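None of the figures in this text is laboratory data; all of them are computed from the coordinates on show. Everything quoted here is computed from the prediction, not taken from an experiment. When we count neighbours, we look across all protein chains shown, and the Cβ atoms used for this are built from the backbone with ideal geometry, even at glycine.
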Amino acid sequence: MAIPSGDKKYSYADYLTWSEGERIELIDGQVYNMSPAPSRLHQEVLGELFTAFSVFLKDKECKVFFAPFDVRLLSENKNDAAIDNVVQPDLSVICDRKKLDDRGCNGAPDLIIEVLSPSTVKMDRWNKYQLYEKAGVKEYWLVDPANKSVEILLLTDAGYKLQGIFTKDDNIAIQSLPGLELDLSHIFE
């Protein structure tokens with residue numbers, strides 16, 4: 001079935017009937033098409049991040065996944081027809097293995113990373129920011145390959161709080177993964 005458009009609200013049950021070749025997301029039941037494909041620079045930065053997290057997490061409880069990987073948010077104890085938030089973050093780190101199933105992640109990851117593209121800036125900085133905060137994602141990164149920077153937001157009782165904006169000259173410790181420190185000069189080579 002073709003991906004719908006228009007103002008109708010859709011669910012995860014609808015999402016499962018659409019063409020597999022398309023990358024789309026649902027936020028509050030609204031369909032968002034994720035094309036065009038990311039740039040080469042986006043993919044290089046994403047690859048470096050995935051490698052760093054993957055190496056660190058080898059033989060640990062937490063797992064890292066890269067897009068396309070379905071994350072169903074605000075979905076606990078809901079059937080597919082009642083789930084209306086399905087996203088495909090660039091990177092997701094999940095430490096509670098009970099949230100993982102054959103279809104992806106059912107619940108909030110511990111850490112989500114979005115690598116910004118010109119076509120996704122508003123979506124990542126506004127729509128997803130609000131959704132991830134509401135869903136309880138503990139740590140949210142906005143990675144800007146063009147400016148070689150990482151903005152890190154940590155969830156508090158009052159919502160997201162900016163931990164800082166870091167550049168290619170910085171080393172950063174990952175709050176949700178004690179012991180992992182990234183040298184951003186390697187990420188933004």
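What to note about this one:
- Among 40, 125, 23, the residue with the largest mean-square fluctuation in a Gaussian network model of the chain, with springs joining Cα atoms closer than 10 Å, is 40.
- For the chain, the dipole from Cβ point charges (+1 on Lys and Arg, -1 on Asp and Glu) about the Cα centre works out to 260 debye, to the nearest 20.
- Here the Karplus curve 6.51 cos²θ - 1.76 cosθ + 1.60, taken at θ = phi - 60°, turns the phi angles of the range 137-147 into couplings of 5, 5, 9, 10, 10, 10, 9, 10, x, 5, 9 Hz, with x standing for Gly and Pro.
- Along the range 162-171 the Karplus relation, 6.51 cos²θ - 1.76 cosθ + 1.60 evaluated at θ = phi - 60°, assigns HN-Hα couplings of 5, 7, x, 10, 10, 10, 4, 8, 9, 9 Hz to successive residues, with x for each Gly and Pro.
- Residues in the range 34-49 reached by a label modelled at residue 189 [backbone nitrogen below 18 Å; 7 Å Cα→Cβ]: 40-49
- No Cys partner within the rule (Cβ under 4.7 Å), the chain: 105
- Scattering profile of the chain at q = 0.08, 0.13 Å⁻¹ [log10 I(q)/I(0), Debye over alpha-carbon scatterers]: -0.25, -0.66
- Helix 40-57 vs. the chain, principal-axis angle (Cα, 0 to 90°, nearest 10): 80
- Taking the range 37-187 as the region of interest, the number of lysine pairs whose Cα atoms are within less than 19 Å, with members eight or more places apart or on different chains, is 22.
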